[in-house]
Amino acid sequence: MIPGSEEEGTGAARLARVPAETAAASVRWASGAVWTATEIMHWAGVQGAADLGIATVVAASLAWGAASRGWIPPAVPAWVALAGGWTAAAWYLGPLAWLPAPVLTAAWIVIAWAAHRAAHRHPAVAGARQWREARARWLAVRGNWGLGASHLLEYRETRVGELWTVSARGASRYIGSRSAEEVIAEQESLPLDRVQILPHEVAGRIIISVRRRDPWAEPILHPLTGENPDVELPARRSITDLVPVGQHPEAGSLLPLRLYDAETGGKNIDVTGIKGAGKGVLLDDISEHVTACDDAVMVRVNVSIKGYAEAAAWGPACHLTAFGPDQRSRAVAAVQALNQVIEWRARTCRQGAYSPSPSDPALVLIVDESDAAAAVPELKRALDDFATKAREYGGVYIHAGQRNTNDYHSAKQRSQDDVHCTGMLANANEARHAGGFPPALRVGVWSVSVLGGGTATGRTWVFAATKAAHGAVVERIAAERAFGQPELPAECREYLGGRYAALLASEVFPRWAQGRDPGDYAPGGDDAQDGPPAARPGDAATALPAVAAATVAAVADHDLEEMWETPMDESTAARNAAIHQQLADAGRSLAETAAMPRPEPVSPETRAAYAAERWRQVVPEGSQQRLLEMTGGDGTTSGAVAEEFGITKSKAKVWLLALRQGGVAYMEGERRGARTRRLATPPGGQ
């Protein structure tokens, strides 16, 4: 920004050069005068070259000391030594010495030209020259713009045009005036929306914004791929850092996103935009940051048909994944494993003591195409638990969808969203569902709103100009970072057990790391059976049969020792060795369990006899007939049984449980509406 004075005169005074420009222009005349003086001194035989040389050494030393303290520019000592040394040599030898080639004169011409160029490029001189040119231009256009009696106070070039700060009488009548803006746009041959007159904080002044090009029309390349980026991203980052995902095209300011706060913990982030709004690009920018963090691991879930394409993108750099409709059960198991990690941390960490670290990283769960995830009831419940319970123990939840309604998430998840990323939406009603924030009007433009923290708008970074090239760069970044991702603590992995080990064994990373082309990875190959999961991870009795085949096959088919033939650092080798040992141990344990002899099957008659005996042991004979009558028709409840027989409610529950376990009755409904009803024909005719 170049300031001006409001007390400006007229004509020549307004365009006169400032002292800095005058000093820069006098360099060439001073150079000629020095050459002439040395020639006269040498021709007249005046002795003083030695004294001048000593004075040059002293002056250069003093200048070096002043420059080291920051009092003068760093280049001044070199210029003092160069000019003084040449003058002393030319005084003693003569500027035309060493004929026939006047070497000293040629050297002085080079020195004078370099000094002249450096003087005119000095920031003070360049700023003064730009300010003078701006004033000259303002004098030429202010009459045509309808501001003939105004004075230019400040001028600044922006990324897409310029800003003029003007002092004008009756400035308030220009603010927001379409007629005044139309006059300027017509004179500059620009669309009307490229000119805007804004109010200034000081009365009597206005700011005229002129945009020479549309700043929102072109995408902005990611700093890792663009040439001469405005932002330098560090190689290693932290999940607690503010995440830049784009820029404001006009101001150049960053579009920030907070994933984890050191005080409040992980964030729940909603990403809402219609098809083609750029949700995938925004998630790519977030994933790039997470994979660069040494204190966070990424889990990506997309159980829609579009999920298949993600396995070859960020899949190798993820800790756990579930891609495609065939992996719905796997998605349930992965999110349940994350909930178990939160449970383990709640057991081992004091409240508020958890902090992300390379030894115990944060969990960043990204769910794309959230409507497909919401269509799986067990997955929806697991996501509800993570969204509401994981914040304090390192859980970050990001869900992206085309709408922000219960069909795409759930009321529990929506109630916890504290960061809203709103892209292009169809109408105002959709914007209301998306948190009530205004939608973007272009593809790739996003509004990031933090509850209680304001709103920022900008365009997200792309990794390449085309979609195909963008995807190729994403694959390259994921491949470069795949081997450097942190692991969960050994105690946590032991707590998670065999099902977690089976998930790791069938992940994208071990397959990709064996040298396979990521495009050959077949989504759904490890999870062909669709439907609800066999059991929760905590139920070992039912979980082991469900994962035994997958674990044994993974250990047999994916020998991680082959991967060690490729060059890798010690930490990567240790990580692979630990994974291989865990999978081998799990495989042996499950193989031993599978090899154990199965018990002989029990006949239906034997089961019926056992049920009848159990029934007689639990329910007194005098109460059996009445209890059976109560379970007929619409059934009964434990409260009704307790009241009928004068027993406690807990004992009534035991009686009804005996009926259900013996196959005599079944439960219908849930919670307070649950009722126990008798089967039409009890097993064994009892």
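Based on the Kirkwood radius over alpha-carbon pairs, what is the Stokes-Einstein translational diffusion coefficient of segment 340-385 at 4 °C with 1.567 mPa s viscosity, in µm²/s? Present the calculation step by step, with values, prior to reporting the outcome.
Values: Rh = 12.7 Å.
The calculation lands on 102 µm²/s.
Shape verdict for segment 248-337, please, from the Cα gyration tensor: rounded (a/c under 1.5), prolate (a/b greater than b/c) or oblate.
oblate
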Query raised in the report: Which ³J(HN,Hα) values in Hz, rounded to whole numbers, follow from the phi angles of segment 485-495 under the Karplus curve 6.51 cos²θ - 1.76 cosθ + 1.60, where θ = phi - 60° and Gly and Pro get x?
Result: 7, x, 10, 6, x, 4, 5, 5, 4, 5, 5
Query - Distance between segment 162-195 and segment 364-433 - C-alpha centres, whole angstrom - result: 44 Å
Query raised in the report: Ranked from the most accessible area to the least, with a 1.4 Å probe and all protein chains present, what is the order of 267, 275?
Result: 275, 267
Report summary line: Sparse-neighbourhood loop hits (trypsin sites (Lys or Arg not before Pro), segment 225-262; DSSP loop; Cβ within 10 Å at most 14 others) -> 236
Query - Among the listed pairs 412/467; 279/467; 279/380; 412/651; 389/653, those beyond 24 Å (Cα-Cα) - result: 412/467; 412/651; 389/653
Report summary line: Simple spin-label estimate for residue 357/residue 251, 7 Å along Cα→Cβ, in nm, reads 3.8 nm
Report summary line: At 10 °C in a medium of viscosity 1.306 mPa s, segment 280-406 has a Stokes-Einstein diffusion coefficient, with Rh taken as the Kirkwood radius over alpha carbon pairs, in µm² per second, of 108 µm²/s
**Report entry** Cα→Cβ-extended label distance, 7 Å offset, between residue 68 and residue 381, nm
**Finding:** 7.4 nm
**Report entry** Label point distance in nm, residue 200-residue 467, each placed 7 Å from Cα along Cα→Cβ
**Finding:** 4.9 nm
Query raised in the report: What number, in nm² with one decimal, is the all-direction average of the projected area of the convex hull of the alpha-carbon atoms of segment 154-224?
Result: 5.8 nm²
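The values are calculated or read from the model by the stated rules, or taken from the named source; none is laboratory data. All figures in this text were calculated on a predicted structure; none of them were measured in a lab. Note: ideal-geometry Cβ built from the backbone for every residue, glycine included; neighbour counts use all protein chains shown. To get the accessible areas, we keep the full protein, side chains included, count just its heavy atoms, and leave off ligands, DNA and RNA. Shrake-Rupley method; radii C 1.70, N 1.55, O 1.52, S 1.80 Å.
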